[in-house]
Amino acid sequence: MKETNAVIGGEGNGGIIVPDFHYGRDALIGIALFLSHLANQKGSISSLRRQYPDYFISKNKIELDSSINVASVFKSIKNKYAKNPINDEDGLKIEFDNDWVHLRTSNTEPIIRIYSESDFESKANHIAHKLMEDIKEEIK
């Protein structure tokens with residue numbers, strides 16, 4: 001965020017970072033931003049919500065042992081999905097039309113987190129489970 005002079009950042013767990021206040025994650029800042037936006041819109045939460053499309057996220061993880069070379073696993077997955085748009089700046093994000101999956105190692109646990117998002121819950125789950133199967137195949 002400092003390198004790019006980002007105005008705001010955040011994570012799926014609700015932690016928002018607003019550099020004008022500080023560089024720590026802060027859920028209360030997220031709440032304050034939401035309430036400020038709601039007040040400026042002069043509407044209800046439900047009317048604000050209707051302005052945005054429905055998307056569902058599937059959060060999963062695979063436990064790792066120390067012998068697994070995650071870089072090699074990610075390289076194989078990247079090759080398998082080479083025809084898809086891929087971003088490997090922070091783990092491995094693969095796009096599928098309007099859907100995506102993000103694979104990322106944890107900084108605190110020996111796991112790979114698998115997050116996928118789609119306009120249908122079943123599709124988000126299917127994408128996540130497909131990538132989990134791919135990872136398990138590579139780990140064998």
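The values are calculated or read from the model by the stated rules, or taken from the named source; none is laboratory data. Note that the structure is predicted; figures quoted are calculated from it, not measured. Positions of Cβ are backbone-derived with ideal geometry, glycine not excepted, and every protein chain shown enters the neighbour counts.
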> Taking the stretch 1-56, which residues are β-branched (Val, Ile, Thr) and in contact with a strand residue (DSSP E or B) (Cβ under 9 Å, 6 or more places away or on another chain)?
Replying inline: Val7, Ile8, Ile16, Ile17, Val18, Ile29, Ile31
>> Can you go through Asp134, Asp65 and tell me which one is out of contact with any strand residue (DSSP E or B) (no Cβ under 8 Å at 6 or more places or on another chain) and modelled with pLDDT under 95?
In response: Asp65
> Out of all the residues in the stretch 82-138, which are surrounded by fewer than 12 Cβ atoms within 10 Å (Cβ to Cβ), polar (S, T, N, Q) and either touching a Cys at 6+ places or on another chain (Cβ under 8 Å) or closer than 16 Å to Tyr55 by Cβ (or both)?
Replying inline: Asn98, Ser122
> Under the condition of being under 18 Å from the mean Cα position of the chain (by Cα) and among the hydrophobic types (A, V, I, L, M, F, W, C), which residue from the stretch 16-63 is nearest to Lys136 (Cα to Cα)?
Replying inline: Ile62
> If you go through the stretch 92-110 one residue at a time, how many are more than 15 Å from the chain's Cα centre (by Cα) and at pLDDT 95 or above?
Replying inline: 0
>> If I ask for residues that are of a type in the set (Val, Ile, Thr) and assigned to a helix (DSSP H, G or I), which ones from the stretch 6-43 would you list?
In response: Ile29, Ile31
> Within the stretch 44-140, which helices (runs of 4 or more DSSP H) (wholly inside it) include 3 or more residues that are over 29 Å from Met1 (Cβ atoms) and among the acidic types (Asp, Glu)?
Replying inline: 121-139
> Just one of the numbered conditions (1) out of contact with any Lys or Arg (no Cβ under 9 Å at 6 or more places or on another chain); (2) β-branched (Val, Ile, Thr); (3) free of Cβ contacts under 8 Å to residues at least 60 places away in the same chain is not true of Thr105; which one?
Replying inline: (1)
